[in-house]
Structures are given as C-alpha cells and as structure tokens.
Amino acid sequence: MAETASALNCQVPEFSAPMTGGNTFQLSNFAGKNIVLYFYPKDNTPGCTTEGIAFRDLHPRFSAANTEIFGISRDSLRSHEGFKTKLALPFDLISDPDETLCQLFNVMKMKNMYGKQVRGIERSTFLIDAKGKLVKEWRGVKVAGHVDEVLEFVSAQT
C-alpha cells in the first residue's frame, strides 16, 4: 500500500516533483516555512481560475505569515506555465501527471460530471507547518471564501 501524508500532526514524507520555472519542488527545501499545497482539477477551468486568482491576490499576506503556496494538478508543465502566466501567479504550480502526489495526499475521487462517473482530483488544500508536519487539511473545497479561510488559519498559527 502506498504511503500517504493524510494523517494530521504527522511528518509529511519527503517528496519532489516538477514545477513551473524549470524547477523541482523538494519539500526539504522549504524547512522553516509553512507550505500550502492546494490540489485542483484542471488549468483554465472556471473554479480553478477563481481559486488561483484568490491565492494570487492574497499572496503577500501569506508571505507575511511565512507561508509558501503551491498549486498541484495533473496538467502538464506546459499547461501550467500558460496558466501561471495568464493569471500572473506569483507562486509555482506543480505537475503531477502520474498522480504520485495525488495518491500521497489521497485526493483522487470518483465524481459526477455531466451525469457520468469520472475519476478526478477532489479540490483539497493542505497546510504543512515549518517543521514539516501536516497541521490542517480542507477536503471537498468550495472555492468561495476558501482562500480567506486558509489565510485566517495560517495567520493564527504565527
């Protein structure tokens, strides 16, 4: 059985993944900072665009709270680069086409789309603290007000 990172207050296992800007995300590179990982279904879709813009607009406040933000979906790096540029996102997007991180955080679910069952990412956000522990998770996220709620929680931690 694959290891998961979905136990609250447990250390998140080290992982790395390709991200925008030609870089590789490595969890250990962010020791000492809080990390918000938000999983979203697909670049350039209405809900994902709204969520990305909300994280973008509040980015300075997350930075002030010693928190880095990363968006994750199964889209390609090429798609992510276009989406990041289009929305002027000040943070990187992580590409997870083989669902390694999706499985690590257990976000793949069966969903109804236009009356059909499809397997996809359940919109979810995870907060990893400066010591690498998973301290909060939001699953089945509704976009409206979500980013404000994450910021409020992060701000209360610092």
Just to make sure I understand: if all protein chains stay in place, what is the order of Thr67, Thr49, Thr24 by accessible area at 1.4 Å, largest first?
Thr24, Thr49, Thr67
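Pop out the carbon and sulfur fraction of the accessible area of the chain as a percent, whole number, probe 1.4 Å.
In the chain, the share of accessible area belonging to carbon and sulfur is 51 percent.
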Under the Karplus curve 6.51 cos²θ - 1.76 cosθ + 1.60, θ = phi - 60°, whole-Hz ³J(HN,Hα) for region 133-138, x wherever Gly or Pro sits:
9, 6, 10, 7, 9, 10
Alpha-carbon Debye profile of region 86-158, log10 I(q)/I(0) at 0.13, 0.16, 0.22, 0.27 Å⁻¹
-0.51, -0.77, -1.25, -1.34
Let me confirm the definition first: pairs of Lys residues in region 19-158, 8 or more apart or on different chains, C-alpha distance under 18 Å. How many are there?
11
Among DSSP bridges having both ends in the chain, what percentage is antiparallel? Round to the nearest 5.
70 percent
So in region 64-154, what percent of DSSP beta bridges are antiparallel if you round to the nearest 5?
75 percent
Accessible solvent surface per residue of region 55-134, calculated while the other protein chains remain in place, 1.4 angstrom probe, Å²:
49 Å²
For Cys48, Cys10, what's the largest-to-smallest order of accessible area, 1.4 Å probe?
Cys10, Cys48
Computed label-point distance, nm, for sites Ser63 and Leu8 using a 7 Å Cα→Cβ extension:
3.1 nm
Under 17 Å by backbone N from the virtual spin label 7 Å along Cα-to-Cβ at Glu99, the residues of region 59-92 are 72-76
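The values are calculated or read from the model by the stated rules, or taken from the named source; none is laboratory data. Source: prediction; values computed, not measured. Note that we place each Cβ from the backbone using ideal geometry, even for glycine, and neighbour counts take in every protein chain shown. Areas reflect the complete protein model, heavy atoms only, side chains present, ligands, DNA and RNA absent. Shrake-Rupley method; radii C 1.70, N 1.55, O 1.52, S 1.80 Å.
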